[in-house]
Each structure stands twice: as C-alpha cells, then as structure tokens.
Amino acid sequence: MLETIIQQGVNALQLGSYYSLIALGYCLVYGVLLLINFAHGDIFMVGAYIAFFCATAFLGQYGFIDPGLPGWIVLALTVPLTMLLTSGVGIFIERVAYRPLRLKGANRLYVVITALMMGIVLQYGNLSMLGASRKAFPNLVPRVLFEIGGATVTSLKLASIVTCFLVFGLLQWIVTRTKIGMAMRAVSYDKFAVPLMGIPLDIVIVFTFFLGSSMAGLAGLLYAMNFPVLDPFMGALVGWKAFIAAVVGGIGDIRGAFIGGFLLAFLEVFVAATFSSELRDLISFTILLGILSWKPTGLFGKPRTTKI
Amino acid sequence: MALLEITNLTQRFGGLLAVNDLSVHLEGRELCALIGPNGAGKTTVFNLVSGFYQPSDGSIKIGGVDTRGMKPHQVTALGVARTFQNIRLWNDMTVLDNIKVSQHYRLGYSLMDSLMRTRRYIDREASIDRTAMELLEFLGMRELANEFPPNLAYGTQRKVEIARALSIKPKLLLLDEPAAGLPSSDVVELIKLIEWIHKEFDLAIWMIEHQMTVVMSLCQWIKVIDFGATIAEGTPEDIRNNPVVIRAYLGDENI
Amino acid sequence: MSPRLTTPAALCALLLGLMALTQSGILGQYEQTILSTMGIYMILAASLNLVNGYMGEFSCGHAGFMAVGAYTSSVVGVYLFVPDPFFGQPLLPMDLAYLAFPVILAAGFAAAALVGLLVAIPSFKTRGDYLAVITLAAGYIVKSALENIDVVGGPRGFMGMKKVVIGMEEMISIPWMLIWIFIGVVFTVWILRRFVYSTYGKGVMAIHQDEVAAEIMSVNTNKMKLVAFMLSSGLAGLAGGLYAYLIGFVNPASFTILRSTECLVMVYLGGMGSLTGSILAAAIFTLLLEFLKPLEQLKWVAIPMLLIVLMQFRPEGLMGNRELSDIFPKLKRFYRFK
C-alpha cells in the first residue's frame with residue numbers, strides 16, 4: 001500500500017514537472033504581457049519534435065553526421081539545441097504575430113485570438129508536413145532503476161523532476177535577483193511606464209519569450225524521452241491543462257504556476273488511481289473549477305483592484 | 001427619517017486605514033461638500049455609500065435602510081446616484097441610451113416581455129424613452145440625444161454624466177469632482193447648473209471638489225477630512241479660516 | 001406593405017422557395033447538407049456573439065453547450081419515438097414526431113441553458129481572462145462526462161435519432177431538417193435581436209463598456225451576465241440538437257475545442273457585436289470549409305491563418321459592430337431593427 005502511494009507520488013511529481021515547466025512559461029508571458037499565450041502548449045509540442053529531429057540527426061539518421069556518437073553526448077547536444085531552437089520559434093511568433101498588434105495598441109483580445117489560432121496552425125502545420133504517423137523518440141540513455149521505499153523509479157523520471165526544480169530555482173533567481181528580472185516585474189505592473197524609464201520594452205519581452213519557450217522546449221524533450229511517442233496534438237491537451245494549472249496556482253506569480261502544475265498532477269494521478277482513469281479529466285477539472293470559485297485569482301494570485 | 005445617516009464609518013484595506021470613524025447626517029435637500037487633501041479618503045467614502053465597498057465597521061443608512069450587504073445596484077435603487085472622478089460614460093452607446101440604461105432598476109418588464117414584445121414592454125419602453133428625452137430637453141441637451149459621448153466636449157460629457165445620474169430620480173446625488181479638468185468658463189457654467197439642479201429637483205447634493213470657487217459659492221455646509229477622519233465641519237465661513245484645515249492643505253508654517 | 005409584415009412575408013417566401021428548389025431536384029442532397037450546416041453555424045455564431053461580442057467576454061467552450069443540447073435532444077427523441085436497448089420502447093407513434101420535434105429541440109435548449117447557468121456562476125467573481133479558463137474547463141468536463149456515460153454510447157457515440165427524421169419524411173417527403181434549421185435560424189436571430197435592442201438587453205453592452213458604471217447605475221450585472229450566458233448557451237444547445245438530427249449520430253469527439261474555435265472564428269470574422277456579421281460570417285465560413293476540403297488537413301492551417309491576418313489588418317471583422325441597416329439605411333423602410 002505504501003509502495004503504491006510512493007509510486008503514484010513519484011508519478012505525480014514527474015507529471016507535475018512537465019505541467020510546471022509549461023505553466024511557468026504561460027505565467028511569465030502572462031505576467032509580462034497580460035497575454036494568455038494559447039500557443040504555448042503547442043510550442044511544447046514543437047519542442048518535442050525539435051528534440052526528436054536533433055536527437056535523430058546526431059544519431060546519424062540523416063547522413064550528415066556519422067552514426068556512433070554515444071547516447072549521452074547526443075543528449076548533451078540535444079538539450080541546449082532544443083531549448084535554443086524552441087525559444088526561436090516562440091520569439092518568431094512574438095515578433096511576427098503579437099508585436100505588430102501590441103505596437104498598434106490593439107485590444108488585448110485580438111492578441112489572445114491570434115495566439116489561439118497560432119496554436120492551431122502549429123498543430124495542423126505539423127500534421128500536414130509530417131503526416132499522421134507518430135514518431136518514436138530514440139532511446140538515448142540507458143534506464144537505471146532506483147528503489148525508493150519499495151517503489152521503482154527510473155533515472156529518467158528523477159531527471160525530469162530534478163530538472164524542473166532546478167529550472168524553477170533558476171527562474172526564481174532571475175526574476176527576483178537580476179536586473180532583467182526586475183524589468184520583467186516592472187513591465188507586469190505598468191507596461192507604459194517602463195519605456196519611459198529607459199528600459200527597452202521589446203528586449204524584456206523577447207527575453208520573456210526566450211525563457212518561456214526554451215522551458216517549454218525542455219519540457220518537450222523530457223516528455224518525449226519519458227513517453228516516446230510523439231503526435232502533433234500532444235501539446236494541446238497537456239498545454240490546456242498546464243494553463244489551467246497555472247491559473248489555479250495564480251497566474252502572474254511563478255510560484256503559483258509551479259505549485260499549480262504539481263497540484264494538478266497530484267489530483268490527476270490520485271483520481272486515476274482511486275476512481276477510474278476515464279474520470280480523471282472530469283474530476284480534476286471540476287476540482288480546479290472549484291478552487292477558482294473559492295479563490296478567483298488563484299491560490300497565489302494577487303487580485304487586481306479596479307480604481308473607481 | 002434622515003436621508004443619509006453614516007455612523008462611525010471605518011474602512012480598512014489590509015493595514016491601511018482609509019476611513020476613520022466618520023459620521024455624517026443629511027436630512028435631505030442639502031447642498032454640501034466633502035473636501036480634503038489628496039488621498040484623504042473622499043472617493044472611498046463615496047464608494048462606500050454607493051455600495052461598491054462593504055464597510056469594515058460602522059453603518060450607512062439611506063432613508064432609514066441599512067445598506068450593509070447590498071450590491072451597488074440595490075443601493076442605487078434606494079435613490080442614490082453618482083458621477084465619477086473620471087467620466088464613466090458608455091462610449092459606444094448614444095447619450096439617450098446612456099440615460100435609458102440607467103433606468104434598469106425600474107424597467108418594469110421582464111426578459112419574456114422583451115422577447116415577446118408584450119403590451120407591457122412596449123408601454124414601458126415608450127415611457128422610459130419619453131422620460132429620458134424629457135430629461136435631456138429639461139437640461140437643454142435634446143439635440144445630443146443620438147450623439148456618442150467621445151464626440152462631445154469634455155464639459156458636455158460631464159453634463160451628460162450628471163444627466164445620467166439624474167435619470168435615476170435620486171434623493172441623494174453624489175458628485176465626485178464635477179469640475180475636474182474643466183476650463184474656468186465651464187466651471188462657471190457648472191456652478192450655475194448645480195445650483196439650478198438643486199432648485200429644480202427634490203434632492204440633496206453632496207460633492208467632492210478641489211476647486212474652492214465651486215465649493216465656497218455653492219455649499220451650505222462643508223466637511224473636511226484628512227487621513228480618513230473628520231478634521232473640521234461647518235459653513236464655508238468657518239472652514240475658510242480654520243487653521244486645522246489650512247494646515248492640512250498647505251502644511252505647517254514652520255516647514 | 002407596412003414594415004411589420006414585410007419581414008415575415010419575405011421569410012415565408014424564402015422558405016417556400018427553398019422547398020420548391022429541393023422538391024424539384026435543383027438543390028440536391030449535397031447542396032441541402034451545405035445549407036443545413038450553414039444554418040447550424042449561423043445559430044452557433046450568433047449565440048456566441050452575444051457573450052463574446054456584445055458582452056465582450058471570452059467564452060471558449062461553446063462546443064460544450066452544443067454537445068449538451070445535441071445529446072439531450074437525441075435522448076429525448078429516441079426515448080419518445082425509437083426503440084432502444086436502454087430507453088425502451090417508444091412512447092409515442094412516429095406520426096407525432098413532427099409535432100414533438102420543437103419540444104425535443106426545446107429540451108436541448110433548456111439543458112444547455114442550465115449548464116450555461118452552472119458555468120456562469122463561478123465566473124461572477126472572476127475577471128476577464130478567467131472566463132476563458134472556466135469555459136475551457138467546462139468544455140473538457142462536458143466532453144469527458146459524455147465519454148463516461150455508457151448509456152449514450154460513451155466515446156463510441158449515439159445514434160437512433162435518424163429514425164425520427166426518416167419517420168417524419170415518411171409522412172411527408174419534404175426536407176424536414178432544412179426546414180427545422182431554417183426555423184431555428186429565424187428564431188435565434190429574432191430572439192437575439194429583441195434582446196439586444198431592448199433597454200434590458202442594452203445592459204449587456206453597458207457591462208462590456210464599463211462594468212463598474214453599469215453596476216452603480218442600477219444594472220444588476222450578475223443577473224444580466226447570467227441571462228446573457230444562458231441565452232447564448234441555450235441557443236448553442238438548439239444548434240446542437242439540430243446538428244444531431246441532421247447527422248443522425250453524435251459522439252463526444254464532435255464537440256472539441258476545435259468546434260469551439262470554429263465558433264470563435266465566425267464571431268470575430270463577422271464582427272463583435274454585429275448580428276448580421278455573425279450570420280454572414282457563418283455563411284462564408286461554411287462555404288470556405290467546403291471550398292477548402294481538397295486541402296484536407298491544410299484547411300486547418302489556412303483558416304486560423306485567415307483569422308490571424310484578420311486580427312492584424314481588420315480586427316473588427318466584416319461588419320465591426322454595425323448591422324445591415326447601418327450600412328444600407330434605406331433598408332430601414334422595410335424592416336425595423338429595433
């Protein structure tokens with residue numbers, strides 16, 4: 001019994017690490033732009049695919065690199081490359097779709113719609129270009145099993161969890177202790193005053209997308225390594241869930257996003273274990289809605305007051 | 001029964017004491033002012049009276065009815081109308097619609113009536129339309145009925161906002177800095193308008209205002225607050241020379 | 001002709017014209033299906049426009065309400081008229097199907113409106129983007145719930161409604177679904193028009209433009225939001241019911257975020273706050289879907305891109321917040337839009 005709880009607990013931590021990594025990205029962009037970047041979940045998917053192509057390229061499947069590189073070197077090369085390329089995608093989208101609207105002073109709603117549409121473009125673009133057959137992510141690192149309190153945990157699972165915590169720590173440091181982090185927080189309070197203070201608004205925003213998207217890419221890579229089947233719609237459901245988790249945690253505060261991701265994961269895993277896995281989505285979302293009804297700005301969120 | 005009875009009103013926002021043990025008594029038909037330096041809590045008092053905030057302590061009674069727990073639209077239905085520091089007209093609706101929508105609390109017909117276009121709906125809509133046009137006519141703004149607020153001059157928009165408040169047929173009209181942002185010629189117009197409204201309509205007017213010309217020339221009685229608490233009260237004469245008031249606005253002469 | 005009679009007369013003429021075209025074979029099955037789908041999309045777009053356009057909220061779960069209506073209408077229809085392993089023998093003879101059909105649709109409307117009520121209540125305390133979250137979650141909950149109800153087939157779906165339509169056609173061979181959908185569209189536009197142009201309905205726009213002022217100027221904002229939401233979701237349920245009987249089959253996979261996205265596209269394409277815009281956009285969108293069919297999956301790249309480009313260059317959509325009578329004032333002679 002205890003073993004199952006620990007096993008499920010570890011599963012929840014693992015699932016939570018993906019949700020959290022993605023939720024952190026939502027949170028950063030929302031905090032800075034007050035924009036729900038609905039495309040973010042699909043950037044996670046793009047990240048997984050980029051990781052796939054990088055890994056298979058380094059493994060020599062496309063010819064221009066000789067096969068024979070050891071798995072861990074491929075991994076070491078794939079991680080930064082994935083994060084970099086995925087952040088590139090995110091920044092590209094910001095540049096091409098969101099920035100023109102922002103510069104025009106367009107209603108925020110229009111940007112949200114654009115984001116929603118971008119997500120769909122990514123999904124179906126992928127489907128059209130690569131076809132419906134799913135891709136199998138290559139196994140790069142031998143699985144090492146650990147025994148913790150009677151439950152078996154793979155090194156991969158641990159890696160995901162540890163990475164997530166490290167990334168959160170890094171983010172927390174960036175946001176609270178660096179100048180650019182301070183600039184990001186300033187933008188979230190008052191976007192218009194920031195350029196007046198000599199802070200380059202565009203650079204802050206690009207940096208935010210860089211951070212958010214690269215984390216989504218990292219999440220994609222980790223997810224692909226753990227659940228090696230990729231399909232173009234993998235980002236949709238995971239993305240929406242991470243988004244809801246971020247909101248419940250309190251979007252606008254990265255601690256909220258971080259906790260929200262794990263909260264949702266724990267809910268899902270234990271609901272699936274206790275009831276049936278079909279009811280998983282249903283009950284998780286209902287509980288989440290309940291939390292939002294009770295605390296409308298999320299668990300950590302700061303209510304925005306209206307001045308009359 | 002008193003029109004407005006505020007007793008020991010206190011409002012805390014977290015650790016901040018915005019309103020401190022304030023008491024006000026209005027019988028009805030007064031023309032008075034609430035003044036004080038910036039940040040004194042004046043708009044907070046209005047927001048409390050309107051029902052937008054719930055008081056931390058103390059009570060507000062309008063016509064004898066305690067408004068604790070009431071939503072703003074319910075407080076309005078008791079006969080309290082207000083204007084806002086920053087004009088809050090509905091910019092994509094005509095002036096006439098702005099006035100008609102304020103009749104929401106006494107539309108007199110239900111959703112089904114409006115969908116079925118029953119006799120009751122037609123009669124009530126006609127009546128609301130008539131009342132709104134009459135009010136505009138009375139205030140000399142008839143030709144503005146189908147204009148949109150953003151197209152009007154700032155002073156005119158203020159006037160429309162006051163008209164909108166009047167359409168509620170209030171017993172108590174709260175004006176939040178009605179002269180703010182107006183050039184001096186418009187201020188003279190405004191003073192005349194407020195005087196006229198006070199004479200023609202059966203209501204009490206309580207205004208927040210920084211421009212002393214308006215306050216001194218119009219108001220019978222002034223309440224001065226600072227840091228949420230009353231520091232002085234009385235006629236314009238009393239207030240003008242009150243050293244406490246002067247110190248609150250201008251600071252200590254020793255500084 | 002006085003304005004009060006022109007519109008109903010024109011509509012009747014249109015309906016009779018359509019029937020003549022179908023009976024004579026000029027409008028074949030394919031064309032009829034397109035027109036029917038167009039009608040359903042018109043109802044979806046117009047109803048979503050009430051919440052997303054006039055009220056200025058961002059509801060992303062319209063498909064969920066459509067699903068509730070679709071399933072409810074299907075179940076009621078089958079319960080009344082079709083033998084079913086779970087629902088038992090039919091209660092009424094099939095000759096009464098055409099009389100009961102409005103009741104069947106009304107059941108879908110009511111059920112969807114009720115779910116709309118449940119969704120709207122938590123949204124009172126929240127602001128802006130949170131409604132997006134709540135409606136999103138609601139959409140997932142509905143889909144997930146339906147997948148778990150085995151009585152209606154779970155993920156495999158539910159059929160049997162087709163027999164009701166066949167039953168009606170056996171009585172008189174006219175294009176029943178096209179007629180019902182036509183009536184549905186007229187009903188939707190009629191209801192929404194009347195709501196939005198009454199002073200009561202204008203409260204919704206006041207909430208959009210300045211909610212604080214609305215609340216303080218005596219508009220019961222919570223109640224108005226509820227009413228608008230219920231009306232919107234109820235009509236989506238109506239569309240769902242019509243859809244179910246048109247296709248003859250429903251499954252949870254028909255009511256995903258993609259369907260909600262289609263509704264969003266139509267609303268913003270047509271113009272927030274323009275009823276005419278929604279109708280036009282629905283028609284154009286249906287045709288676009290057909291036209292782009294050969295592209296298959298690329299269709300779903302083209303359509304979002306269309307909306308993205310629209311947001312960049314003409315975010316107010318086709319009509320902005322104007323109606324047909326604003327662009328062609330002479331039309332006011334023929335009908336009153338008030």
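Computed from the coordinates by the stated procedures, all read-outs in this text should not be read as laboratory data. Values in this document were obtained by computation on a predicted structure and should not be read as measured data. Every residue, glycine among them, receives a Cβ derived from its backbone with ideal geometry; neighbour counts consider all protein chains shown.
What list of ³J(HN,Hα) values in whole Hz, one per residue of the range C:176-182 in order, does the Karplus curve 6.51 cos²θ - 1.76 cosθ + 1.60 (θ = phi - 60°) give from phi, with Gly and Pro shown as x?
3, 5, 4, 5, 4, 5, 4
Past the 29 angstrom mark, what percentage of all C-alpha to C-alpha distances in the range A:14-294 do you count? Could you put the intermediate results ahead of the total?
On the way: 13202 of 39340 pairs.
Percentage above 29 Å: 34.
Over the Cα atoms, compute the radius of gyration (one decimal) and Dmax (the largest Cα-Cα distance, rounded to a whole number) for the range B:95-147, in Å.
That works out to 11.9, 36 Å for Rg and Dmax.
State the Cα centre-to-centre distance between the range A:177-199 and the range C:84-99 in whole Å.
So the two Cα centres are separated by 66 Å.
log₁₀ I(q)/I(0) of chain C at q = 0.10, 0.15 Å⁻¹, via Debye over equal Cα point scatterers, no solvent, to two decimals?
The computed values of log10 I(q)/I(0) come out as -0.60, -1.34.
What is the fewest-to-most order of B:W206, C:W180, B:W196 by other Cβ atoms lying within 10 Å of their Cβ?
Numbers: B:W206 27, C:W180 23, B:W196 11.
Ranking B:W206, C:W180, B:W196 by Cβ neighbours within 10 Å, fewest first, gives B:W196, C:W180, B:W206.
Pick from B:Y154, B:Y53, B:Y121: which is most flexible by mean-square fluctuation in a GNM of chain B where alpha carbon atoms under 10 Å apart are linked?
In this elastic network of chain B, the residue with the biggest mean-square fluctuation among B:Y154, B:Y53, B:Y121 is B:Y121.
Between C:L92 and C:R314, what is the label-point separation in nm under the 7 Å Cα-to-beta-carbon projection?
The two pseudo-label positions are separated by 4.6 nm.
Would you mind checking which residues have amide H under 5 Å from B:D226's amide H? H placed 1.01 Å from N; only 5 or more apart, or other chain.
Residues meeting the amide H criterion: B:I231.
For peptide B:114-125, what's the mean number of Cβ atoms from other chains within 10 Å of each residue's Cβ?
Details: counts 9, 10, 1, 2, 0, 0, 0, 4, 0, 0, 3, 5.
Averaged over the peptide's residues, the number is 3.
Remind me, relative contact order of chain C in percent, using alpha carbon pairs under 8 angstrom and six or more residues apart? Walk me through the numbers on the way to the answer.
Numbers: 537 pairs, mean separation 108.1, N = 338.
In percent, rounded to a whole number, it is 32.
Given chain B, report the % of alpha carbon pairs whose separation exceeds 32 Å. If you can, show how the numbers build up before the last one.
Values: 8047 of 32385 pairs.
Counting pairs separated by more than 32 Å, the tail of P(r) holds 25 percent.
Return the long-range amide H neighbours of A:T154 (sequence gap of 5 or more, or a different chain), with a cut-off of under 5 Å between placed amide H atoms.
Counting only residues 5 or more places away or on other chains, the set is A:F146.
Evaluate Rg over Rh across the range B:77-203, taking Cα atoms for both radii and Kirkwood's formula for Rh. Mind dumping the intermediate values first?
Numbers: Rg = 15.2 Å, Rh = 15.3 Å.
Expressed as Rg/Rh, it is 0.99.
Kindly flag which residue pairs out of B:K61/B:K171; B:K42/B:K171; A:K241/C:K202; B:K61/B:K169 have an alpha-carbon separation exceeding 24 Å in this structure.
Numbers: B:K61/B:K171 13 Å; B:K42/B:K171 20 Å; A:K241/C:K202 36 Å; B:K61/B:K169 18 Å.
Distance filter (> 24 Å) returns A:K241/C:K202.
Ordered by residue, what ³J(HN,Hα) values in Hz, to whole numbers, does the range A:44-58 give under the Karplus form 6.51 cos²θ - 1.76 cosθ + 1.60, where θ = phi - 60° and Gly and Pro are x?
With the stated coefficients, the range A:44-58 comes to 4, 5, 4, x, 4, 5, 4, 4, 4, 5, 4, 4, 5, 5, 5 Hz.
For peptide B:165-171, how many partner chain Cβ atoms fall within 10 Å of a residue's Cβ, on average?
Numbers: counts 2, 0, 2, 3, 0, 0, 0.
Taking all residues of B:165-171 together, the mean is 1.
In nm, to one decimal, how far is the modelled label at A:L69 from the one at B:I122, with both set 7 Å along Cα→Cβ?
If labels sit at A:L69 and B:I122, their model points lie 8.1 nm apart.
When the chain is fully extended, how far beyond the present Cα-Cα distance does A:E3 get from A:S133, taking 0.36 nm per residue of separation?
Values: separation 130, 0.36 × 130 = 46.80 nm, distance 3.71 nm.
43.1 nm is the gain from fully extending A:E3 to A:S133.
Within 10 Å of each residue's Cβ, count the other Cβ atoms and sort B:H210, B:H25, B:H104 from fewest upward. Please list the in-between numbers first.
On the way: B:H210 15, B:H25 11, B:H104 25.
Final ranking by Cβ density, sparse to dense: B:H25, B:H210, B:H104.
For chain A, what does -39500 (n - 2.57) per DSSP helix run (n ≥ 4), summed and divided by total residues, give at 222 nm, in deg cm²/dmol to the nearest 500?
Details: 12 runs with 220 residues, N = 308.
Dividing the helical sum by the residues of chain A leaves -24500 deg cm²/dmol.
Given N residues in the range C:1-124, what is Rg(Cα) / (2.2 N^0.38 Å)? Provide the component values of the computation, followed by the final result.
Values: Rg = 18.5 Å, N = 124, 2.2 N^0.38 = 13.7 Å.
In units of the globular-protein estimate, the range C:1-124 measures up at 1.34.
Order these by the 10 Å Cβ neighbour count, fewest first: A:T286, C:T72.
Numbers: A:T286 18, C:T72 26.
With the sparsest Cβ surroundings first, the list reads A:T286, C:T72.
Just the ratio, please: alpha-carbon radius of gyration of the range A:37-91 over 2.2 N^0.38 Å, N its number of residues.
Numbers: Rg = 12.3 Å, N = 55, 2.2 N^0.38 = 10.1 Å.
Rounded to two decimals, the normalised Rg is 1.22.
If you average the alpha carbon positions of the range B:134-153 and of the range A:30-60, how far apart do those two centres end up, in angstrom?
One Cα centre to the other: 55 Å.
Any idea what diffusion coefficient the range A:36-141 gets from Stokes-Einstein, in µm²/s, Kirkwood Rh on alpha carbon pairs, 25 °C, 0.890 mPa s? Can you show the working numbers first?
Numbers: Rh = 15.3 Å.
Value of D from the Cα-based Kirkwood radius: 160 µm²/s.
Between the range B:167-227 and the range C:124-186, what's the alpha-carbon centroid distance in Å?
The distance from the Cα centre of the range B:167-227 to that of the range C:124-186 comes to 57 Å.
Given the range C:184-336, what whole percent of its Cα pairs are spread farther than 24 Å? Intermediate results must be reported in sequence, preceding the final value.
Values: 5156 of 11628 pairs.
In whole percent, the long-distance tail amounts to 44.
Taking 25 °C and 0.890 mPa s as the conditions, I'd like the Stokes-Einstein D for the range B:36-128 in µm²/s, using the Kirkwood hydrodynamic radius from alpha carbon pairs. Please list the in-between numbers first.
On the way: Rh = 15.7 Å.
Rounded to a whole number, D works out at 156 µm²/s.
Taking all pairs of distinct Cα atoms, average 1/r, flip it, and tell me the Kirkwood hydrodynamic radius of the protein assembly as shown in Å to one decimal place. It would help to have the intermediate numbers written out before the result.
Details: mean 1/r = 0.0327 Å⁻¹.
Hydrodynamic radius (Kirkwood, Cα only) of the protein assembly as shown equals 30.6 Å.
Can you tell me which of C:163-170, A:98-105 comes out highest on packing, and rank the rest after it, using the mean Cβ neighbours within 10 Å? Kindly include the intermediate steps, with their values, before the conclusion.
On the way: C:163-170: 18.5, A:98-105: 14.9.
Ranking, from highest mean packing down: C:163-170, A:98-105.
With an 8 Å Cα cut-off and a minimum separation of 6 or more residues, compute the relative contact order for the range A:14-294 in percent.
On the way: 425 pairs, mean separation 108.1, N = 281.
Reported as a whole number, the value is 38 percent.
Could you order peptides A:200-211, C:44-55, C:260-271, C:282-293 by the average number of other Cβ atoms within 10 Å of their residues, highest first?
On the way: A:200-211: 19.6, C:44-55: 28.1, C:260-271: 25.8, C:282-293: 17.1.
My ranking of the peptides, most packed first, is C:44-55, C:260-271, A:200-211, C:282-293.
Which value at 222 nm does chain C reach when only helices count, each DSSP H run of 4 or more adding -39,500 (n - 2.57), with the total divided by all residues and rounded to the nearest 500 deg cm²/dmol? Present the calculation step by step, with values, prior to reporting the outcome.
On the way: 14 runs with 236 residues, N = 338.
That calculation yields -23500 deg cm²/dmol at 222 nm.
Compute the signed sum of charges (Lys and Arg +1, Asp and Glu -1) over the other residues within less than 11 Å, Cβ to Cβ, of A:Q172. Let's see the in-between values first.
Values: positive: A:R177, A:R255; negative: A:D253.
Here the charged neighbours net out to +1.
From other protein chains only, count the Cβ atoms within 10 Å of every residue's Cβ in A:26-39, then give the mean.
Working: counts 0, 0, 0, 0, 1, 0, 0, 0, 2, 1, 7, 0, 5, 0.
Partner-chain Cβ atoms within 10 Å, mean over residues of A:26-39: 1.
What's the ranking of C:201-208, A:251-258, A:172-179, A:25-32 by average number of surrounding C-beta atoms within 10 Å, highest first? Intermediate results must be reported in sequence, preceding the final value.
On the way: C:201-208: 24.0, A:251-258: 25.5, A:172-179: 13.0, A:25-32: 27.1.
Highest-to-lowest ranking by the protection proxy: A:25-32, A:251-258, C:201-208, A:172-179.
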